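Beneath this line is the structure, given in structure tokens, with notes to follow.
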Amino acid sequence: MNRIDFLKQVGGLSLFTACGATTALLNSCTKSYYINASIKNDAVSLNKTDFFEREFVVINNPELEFPVYVYKKNEVDYVALSMKCTHKGCQLKPAGKILVCPCHGSEFSNTGKVMTPPADVDLKQYATSVINDQVLVILK
Ligand code: FES
């Protein structure tokens, strides 16, 4: 094997390990969609169209201690979760269908359940409701 073939093989291997070696890593290749939403009366209103061809969006707002991950289960059922890790409070990262903590490796399902310790408490969940084409996330 010559040097160029070697580099191609190593480069291909790096790409494989970064985006395809495990389910978690594969999921981490999914893009996140961030929405800078305004808060009115302790609630955020999203459009259903924000979820077009997406399973989740992330709400950002300077008034929030941590962003909020909103997962679309189906047209009428959404799950809104604080992205604060319940172990020591680091901000979670969306990784496809799960949320991963960069500090100590805890993993949570897209419904907030602990999948991998050291965290042993599920994520804080916010109430949601669907009114016509709006998804309301209540932040109390
Ligand atoms: Fe998230 Fe420790 S702060 S696993």
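Observations on the structure shown:
- Condition met for Pro102 (at pLDDT 95 or above, within 14 Å of the ligand (Cβ to nearest atom) and either surrounded by fewer than 13 Cβ atoms within 10 Å (Cβ to Cβ) or closer than 13 Å to Val44 by Cβ (or both)): yes
- For the residues Leu92, Leu81, the requirement of being more than 10 Å from the ligand (Cβ to nearest atom), of a type in the set (A, V, I, L, M, F, W, C) and closer than 23 Å to Ile35 by Cα singles out Leu81.
- Only a single criterion out of (1) modelled with pLDDT of 95 or more; (2) within 16 Å of the ligand (Cβ to nearest atom); (3) surrounded by 16 or more Cβ atoms within 10 Å (Cβ to Cβ) is not satisfied by Lys113, namely (3).
- Only one of the numbered conditions (1) closer than 28 Å to Ser38 by Cβ; (2) buried (at least 17 other Cβ atoms within 10 Å of the Cβ); (3) touching a residue at least 40 places away in the same chain (Cβ under 8 Å) is not met by Glu107, and that is (1).
- Selection count where residues are out of contact with any strand residue (DSSP E or B) (no Cβ under 9 Å at 6 or more places or on another chain) and either part of a strand (DSSP E or B) or more than 18 Å from Asn110 (Cα to Cα) (or both), scope the stretch 42-58: 1
- Failed item, numbered, when Lys73 is tested on (1) more than 16 Å from the ligand (Cβ to nearest atom); (2) surrounded by fewer than 14 Cβ atoms within 10 Å (Cβ to Cβ); (3) in a loop (DSSP other than H, G, I, E, B); (4) not small (Gly, Ala, Ser): (3)
The values are calculated or read from the model by the stated rules, or taken from the named source; none is laboratory data. Just so you know, these numbers come straight off a predicted model, no measurement behind them. Backbone-built Cβ (ideal geometry, glycine too); neighbour counts: all protein chains shown.
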